[in-house]
1. Limited to the stretch 240-298, what total is found for residues that are among the small types (Gly, Ala, Ser), within 16 Å of Val217 (Cβ to Cβ) and in contact (Cβ under 8 Å) with a residue 40 or more places away in the chain?
2. Of the residues Asn253, Asn289, Asn240, Asn200, only one is loosely packed, with under 15 Cβ neighbours inside 10 Å and under 28 Å from Ile69 (Cβ atoms); which?
3. State all residues of the stretch 142-174 that are aliphatic (A, V, I, L, M) and either farther than 16 Å from Ser119 by Cβ or at pLDDT below 95 (or both); if no residue qualifies, say none.
4. Do any residues in the stretch 125-141 that are free of Cβ contacts under 8 Å to residues at least 60 places away in the same chain have Cβ atoms under 6 Å from those of residues that are charged (D, E, K, R), where the two are at least six apart or on different chains, and which pairs are they?
5. Looking at Ile40, is it of a type outside the set (S, T, N, Q), surrounded by fewer than 16 Cβ atoms within 10 Å (Cβ to Cβ), in contact (Cβ under 8 Å) with a residue 12 or more places away in the chain and part of a strand (DSSP E or B)?
6. Which of (1) more than 19 Å from the chain's Cα centre (by Cα); (2) surrounded by 15 or more Cβ atoms within 10 Å (Cβ to Cβ); (3) part of a helix (DSSP H, G or I) does Tyr205 not meet, given it meets every other one?
7. Being under 19 Å from Leu191 (Cβ atoms), outside the structural domain of Gln56 (by TED's automatic domain parsing) and not in a strand (DSSP E or B) is the requirement here; does Ser236 meet it?
Amino acid sequence: MKKKWNILLILAVILVLVVSIVIYKNITKENTKEDNNFKIVTTFYPIYIMAENITQGAKNVDLINMTDINVGCLHDYNLSTTDMKKIENADLIIQNGLGLENFMDKILNTYSDIKIVDSSSNITNKVEENGEINNHIWTSISNYIAQVEEIANGLTESNPENANIYEQNKNNYIEKLENLQSKYETELSNLKGKKAICLNEAFTYLTKEVGMESISVQTNHDESSLSAEKMKNLISQMKNENIDVIIVDSDDNLQTAQTLSKETEAKILKLKSGLTGETNKDAYIQLMNENLEILKTI
């Protein structure tokens, strides 16, 4: 009887060892596969949406966004410990460029081997305001398409395993964007030459693309404050030049816009800059269609 129990005990131990080995091998295999994935990090929300469209269906690829999707613009943004942790094992970082990510030097000083794709590399219609390049280029559909092309090229070069997928996804996405662009050209043709006050510099490229002449006014978007003298001059200019449109971001403080509107009877348009939003691949097209409908009310 004792001998029988010893045999059963030995068999039980062997069974436990076999199961443990199988589980260990599966976990190791899974981790190895994950660790060998091509890791892409985008710097903020608009770039993430571009990359998400291009990488759909790509094999052995991990795509993450470095900053929280609700961070908004990266002016004066400070990298967090969590941000740096996301970058730690990255193979590729995709940035907007034109100085928007002022923290890139810090990243490269820490992780000098990481490849960078600058989505703004082929942007030719840069707008300079107050001696600086306006880096909110993605609000122009033309620029957005150029950024998508640059990102797809960078991914193809860095991860040729998925080259065909990147190319196909790029073409499909650009086709949708070009259809959107055609709608803008057809349905907003009446806006050419019309003037507007932009209280958010993100819309300078959008107004330029639809043929509007925008006067960009620098404000603190959270506090929306202007000096009394600046406000007086702006009201005078709007009245003298018959400017009856004020453009703001839907998330901005409306105080300045409301004051200007009260004094000039100008219409306030609350557009979406695409700095934040939902994490679905059609988010940009959806918000730009919403902007289109608002612009059609002018």
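The values are calculated or read from the model by the stated rules, or taken from the named source; none is laboratory data. Nothing here was measured: the structure is a model prediction, and the numbers come from that model. Don't worry about glycine lacking a Cβ; one is built from the backbone with ideal geometry, like all the others, and counts go over all protein chains shown.
1. Qualifying residue count, the stretch 240-298: 3.
2. Answer to the selection: Asn289.
3. Those that are aliphatic (A, V, I, L, M) and either farther than 16 Å from Ser119 by Cβ or at pLDDT below 95 (or both): Ala163, Ile165.
4. These pairs meet every condition: Ile133/Lys126.
5. no
6. All conditions pass for Tyr205, except number (1).
7. no
Conditions tested, residue by residue: (1) crowded, with 16+ Cβ neighbours inside 10 Å; (2) at pLDDT below 90; (3) among the acidic types (Asp, Glu); (4) in contact with a Cys (Cβ under 9 Å, 6 or more places away or on another chain).
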{"site": "Asp76", "(1), (2), (3), (4)": "no, yes, yes, no"}
{"site": "Thr81", "(1), (2), (3), (4)": "no, no, no, no"}
{"site": "Asp91", "(1), (2), (3), (4)": "yes, no, yes, no"}
{"site": "Gln95", "(1), (2), (3), (4)": "yes, no, no, no"}
{"site": "Asn102", "(1), (2), (3), (4)": "no, no, no, no"}
